[in-house]
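Engineer: Take this structure, written in structure tokens, and hold onto it; I'll ask about it next.
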């Protein structure tokens, strides 16, 4: 997956968990943004949480082992459409908002 997505760890992780075809689709809609914003725009909750967890744990692990601390930007550069040979992204201001699952259960009445 790293080879397919030009070494971008964010895209490779998302492809490993959610499928490379989905990453290519997400790139067409959401490119030209920072990796953390791109990750927030992943439409599959499980994949979004997986990418966030792996990148977070990589940073924590380096800190615990005494290696030079990393920032997210060091692990995950900005996401661009050219990483998957896709068309330019749809501008963010023209995107439909992603629906958020909200637990409205308030318990027994």
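The values are calculated or read from the model by the stated rules, or taken from the named source; none is laboratory data. Because the structure is predicted, anything quoted here is derived from the model rather than measured. Virtual Cβ from ideal backbone geometry, glycine too; neighbours counted across all protein chains shown.
Engineer: Give 17, 22 a once-over and let me know the one that is out of contact with any helix residue (DSSP H, G or I) (no Cβ under 7 Å at 6 or more places or on another chain) and more than 15 Å from residue 71 (Cα to Cα).
Structural biologist: Working: 17 fails: out of contact with any helix residue (DSSP H, G or I) (no Cβ under 7 Å at 6 or more places or on another chain).
Of the residues listed, the single one that is out of contact with any helix residue (DSSP H, G or I) (no Cβ under 7 Å at 6 or more places or on another chain) and more than 15 Å from residue 71 (Cα to Cα) is 22.
Engineer: Does residue 55 count as modelled with pLDDT of 80 or more and in contact with a strand residue (DSSP E or B) (Cβ under 9 Å, 6 or more places away or on another chain)? Outline the logic, then answer.
Structural biologist: Details: modelled with pLDDT of 80 or more: yes; in contact with a strand residue (DSSP E or B) (Cβ under 9 Å, 6 or more places away or on another chain): no.
Judged against the criteria, residue 55 is not a match.
Engineer: Hey, can you tell me all the residues within the stretch 1-25 that are at pLDDT 90 or above and touching a strand residue (DSSP E or B) at 6+ places or on another chain (Cβ under 9 Å)?
Structural biologist: Passing the criteria: 10, 11.
Engineer: Any residue in the stretch 64-86 that is modelled with pLDDT of 85 or more and in a loop (DSSP other than H, G, I, E, B)?
Structural biologist: From the stretch 64-86, those modelled with pLDDT of 85 or more are 64-66; that's our starting set.
Retained after the next criterion (residues that are in a loop (DSSP other than H, G, I, E, B)): 65-66.
Yes, the stretch 64-86 has at least one match.
Engineer: When only residues in the stretch 15-38 that are surrounded by fewer than 16 Cβ atoms within 10 Å (Cβ to Cβ) and free of Cβ contacts under 8 Å to residues at least 40 places away in the same chain count, which is nearest to residue 52 (Cα to Cα)?
Structural biologist: It comes out as 37.
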